[in-house]
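A short worksheet on the structure shown next.
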Amino acid sequence: MPKELLKVTNLKQHFPIKGGFLGRTINHVKAVDGVSFTIHEGETVSIVGESGCGKSTTGRAILRLDEPTGGEVKFDGKNLLSFSKREMRQNRKDMQVIFQDPYASLNPRQTVRQILNEAMEIQKVVPKKDRNDRILELMETVGLGAHQIDRFPHEFSGGQRQRVGIARALSVNPQLIICDEAVSALDVSIQAQVINLLKKLQRELNLTYLFISHDLGVVRHISDRVIVMYLGKIVEIADKKSLFTNPQHPYTKSLLSAIPNTDPDAKRERIILSGDVPSPIDPPTGCRFHTRCPFATEKCVTDVPELRNEDYMKEGHQTACHYIEEIESGLMQPTR
Ligand code: SF4
């Protein structure tokens with residue numbers, strides 16, 4: 001079994017809402033509210049969910065780009081939340097991030113050479129005399145040519161810019177890369193190229209990915225395991241095959257029912273949820289999904305379901321629902 005590289009325990013990110021005459025904290029947005037999971041070395045774990053479910057906030061909190069409100073984040077056995085800002089900066093080279101919009105995350109006034117050189121300089125990973133060779137090697141690794149080295153970000157296409165973003169992340173030899181909607185802004189054919197590149201690099205460099213995306217088609221392609229989030233909480237975790245062939249949570253089922261099916265003979269009913277996602281400022285009591293769940297009961301309104309796996313479910317497939325077995329066996333029928 002590969003070693004546990006990242007262990008997130010009860011992670012919370014509550015953003016204060018200021019108001020009133022004195023600008024006091026009057027409430028909190030509970031963007032992430034008690035999230036726990038682990039990622040092993042060389043694994044790709046994806047987080048999926050609708051916009052506002054807390055998936056990107058989870059990624060930012062792990063890297064301490066926003067300071068988490070509570071919980072524990074252990075990376076390679078080290079407790080990141082106990083680090084000073086300086087220690088965190090020193091360790092950040094092991095954990096890189098690739099954002100959705102490479103244009104916004106690359107300095108428009110710097111050439112690719114300068115961008116990659118700066119990353120290595122800050123993290124002191126490659127001696128100055130070897131940097132040029134390393135930059136050329138990185139360009140080749142991500143499928144860009146040496147002749148593009150002195151170009152500015154605006155001179156590249158969207159897919160090429162994302163390759164520059166990947167080269168910058170790789171320049172400091174990271175162990176973990178958080179890909180935050182990294183291919184969402186790209187055309188489908190370019191998406192496939194970038195995903196294939198990420199997979200190739202993972203095989204060659206034994207990289208570990210936390211892949212954050214709202215696109216289940218992409219997640220199905222790249223993941224080993226999948227985490228489904230709803231309103232700041234994890235509702236289901238499973239290996240990819242188990243999640244896509246046998247989803248347990250009513251929310252996961254509704255998400256998967258929206259993926260277009262290429263098999264004309266396959267029978268799958270689209271599950272349309274009623275209502276909108278509630279506000280994370282005042283999330284529903286009990287199961288946060290109860291306001292939209294077709295199976296909700298009184299118990300769902302009062303009792304918070306914990307992540308667990310039923311006897312018949314595959315080991316490692318965990319779902320936060322009081323009635324997994326009843327729904328699965330047909331004992332419970334949707335009421336709305
Ligand atoms: Fe639906 Fe209740 Fe299960 Fe939540 S706990 S998913 S409301 S049945």
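The values are calculated or read from the model by the stated rules, or taken from the named source; none is laboratory data. Note that the coordinates shown come from a computational prediction; the quantities given were computed from them, not determined experimentally. For neighbour counting, all protein chains shown are included, and Cβ atoms are generated from backbone atoms with ideal geometry for every residue, glycine included.
Across region 65-81, the number of residues qualifying as of a type outside the set (S, T, N, Q) and over 25 Å from Pro2 (Cα atoms) comes to 5. On the basis of being away from the ligand (no atom under 15 Å from the Cβ) and over 16 Å from the mean Cα position of the chain (by Cα), does Leu207 make the cut? Taking the combined requirement at face value, the residue does not satisfy it.
Flag: Thr38 does not match the condition of being out of contact with any His (no Cβ under 8 Å at 6 or more places or on another chain), hydroxyl-bearing (Ser, Thr, Tyr), modelled with pLDDT under 95 and not in a helix (DSSP H, G or I). Please verify whether Ala185 is under 30 Å from Arg225 (Cβ atoms), touching a Lys or Arg at 6+ places or on another chain (Cβ under 8 Å) and touching a residue at least 40 places away in the same chain (Cβ under 8 Å), treating the condition exactly as stated. No, not satisfied. Could we say that Arg134 is farther than 30 Å from Gly77 by Cβ, of a type in the set (D, E, K, R) and in a helix (DSSP H, G or I) here? Criteria not met by Arg134.
Any chance you could count how many residues in region 297-336 are more than 21 Å from Asp33 (Cα to Cα), assigned to a loop (DSSP other than H, G, I, E, B) and within 8 Å of the ligand (Cβ to nearest atom)? Residues in region 297-336 being more than 21 Å from Asp33 (Cα to Cα), assigned to a loop (DSSP other than H, G, I, E, B) and within 8 Å of the ligand (Cβ to nearest atom): 3 in total.
When Ser36 is tested against (1) of a type outside the set (A, V, I, L, M); (2) farther than 29 Å from Val164 by Cβ; (3) without any contact (Cβ under 8 Å) to a residue 60 or more places away in the chain; (4) out of contact with any Lys or Arg (no Cβ under 7 Å at 6 or more places or on another chain), only condition (3) is not met.
Within the bounds of region 158-172, is there any residue that is over 20 Å from Gln193 (Cβ atoms) and over 29 Å from the mean Cα position of the chain (by Cα)? So far as region 158-172 goes, no, none of its residues is over 20 Å from Gln193 (Cβ atoms) and over 29 Å from the mean Cα position of the chain (by Cα). In region 283-296, how many residues are within 7 Å of the ligand (Cβ to nearest atom), closer than 18 Å to Gly54 by Cβ and out of contact with any Cys (no Cβ under 7 Å at 6 or more places or on another chain)? The qualifying residues number 1. Scanning region 83-116 for residues that are of a type in the set (Ser, Thr, Tyr) and either surrounded by 19 or more Cβ atoms within 10 Å (Cβ to Cβ) or within 20 Å of Gly145 (Cα to Cα) (or both) turns up Tyr103, Thr111.
Does Lys93 qualify as being touching a residue at least 12 places away in the same chain (Cβ under 8 Å) and assigned to a helix (DSSP H, G or I)? Judged against the criteria, Lys93 is a match. Mind checking which residues of region 189-248 are of a type in the set (Asp, Glu) and either on the phi > 0 side of the Ramachandran plot or buried (at least 23 other Cβ atoms within 10 Å of the Cβ) (or both)? Answer for region 189-248, where residues must be of a type in the set (Asp, Glu) and either on the phi > 0 side of the Ramachandran plot or buried (at least 23 other Cβ atoms within 10 Å of the Cβ) (or both): just Glu236.
Just one of the numbered conditions (1) under 30 Å from His14 (Cα atoms); (2) at pLDDT below 95; (3) within 16 Å of the ligand (Cβ to nearest atom) is not true of Pro280: (3).
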